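For reference, the structure discussed in these notes is given below.
No lab work stands behind these numbers, since they all come straight from the coordinates. Everything numeric in this text was worked out from a predicted model, so none of it was measured. Cβ: placed from backbone, ideal geometry, glycine included. Neighbour counts: every protein chain shown.
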Amino acid sequence: MPEIRYELTAHAATVIAERAIDIAWVERVLVKPEQIEADNADPLLKHAIARIPERDGRALRVVYNASVDPIRVVTAYFDRRQRGKS
């Protein structure tokens with residue numbers, strides 16, 4: 001898998017740990033998203049979404065700012081709204 005340069009905000013680091021999200025999953029979603037969406041409120045943010053087989057195919061949403069180098073991950077969560085969507 002190709003590498004991606006990123007950093008986590010303090011909030012992202014906290015919620016990733018609290019939600020037991022493996023950092024390798026975050027990296028996988030950033031490198032090979034199934035879908036990318038614009039953020040509704042902040043034009044600088046993008047949402048990368050991909051299913052995580054290790055979590056029963058649940059969709060992991062990683063919200064990041066791609067306008068900085070390295071990209072800055074602001075949060076990540078399993079998106080219940082994506083359940084059942086392909």
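Which of the strands (runs of 3 or more DSSP E) contained wholly in the chain include at least 2 residues that are touching a Leu at 6+ places or on another chain (Cβ under 9 Å), β-branched (Val, Ile, Thr) and surrounded by 14 or more Cβ atoms within 10 Å (Cβ to Cβ)?
Passing ranges, in order: 45-52, 58-65, 71-78.
Which pairs have Cβ atoms under 6 Å, sit 6 or more apart or on different chains, and link a residue in the stretch 13-37 that is farther than 16 Å from residue 53 by Cα to one that is small (Gly, Ala, Ser) and surrounded by 13 or more Cβ atoms within 10 Å (Cβ to Cβ)?
16/76; 36/48
Return yes or no: is residue 74 under 18 Å from residue 9 (Cβ atoms), without any contact (Cβ under 8 Å) to a residue 60 or more places away in the chain and touching a His at 6+ places or on another chain (Cβ under 7 Å)?
Details: under 18 Å from residue 9 (Cβ atoms): yes; without any contact (Cβ under 8 Å) to a residue 60 or more places away in the chain: no; touching a His at 6+ places or on another chain (Cβ under 7 Å): yes.
Spelling it out, it is not the case that residue 74 is under 18 Å from residue 9 (Cβ atoms), without any contact (Cβ under 8 Å) to a residue 60 or more places away in the chain and touching a His at 6+ places or on another chain (Cβ under 7 Å).
Which of the residues spanning the stretch 1-42 are over 18 Å from residue 81 (Cβ atoms) and of a type in the set (Asp, Glu)?
Those that are over 18 Å from residue 81 (Cβ atoms) and of a type in the set (Asp, Glu): 3, 7, 18, 22, 27, 42.
Output the number of the condition that residue 69 fails; it satisfies all remaining conditions of (1) touching a residue at least 40 places away in the same chain (Cβ under 8 Å); (2) touching a strand residue (DSSP E or B) at 6+ places or on another chain (Cβ under 8 Å).
(2)
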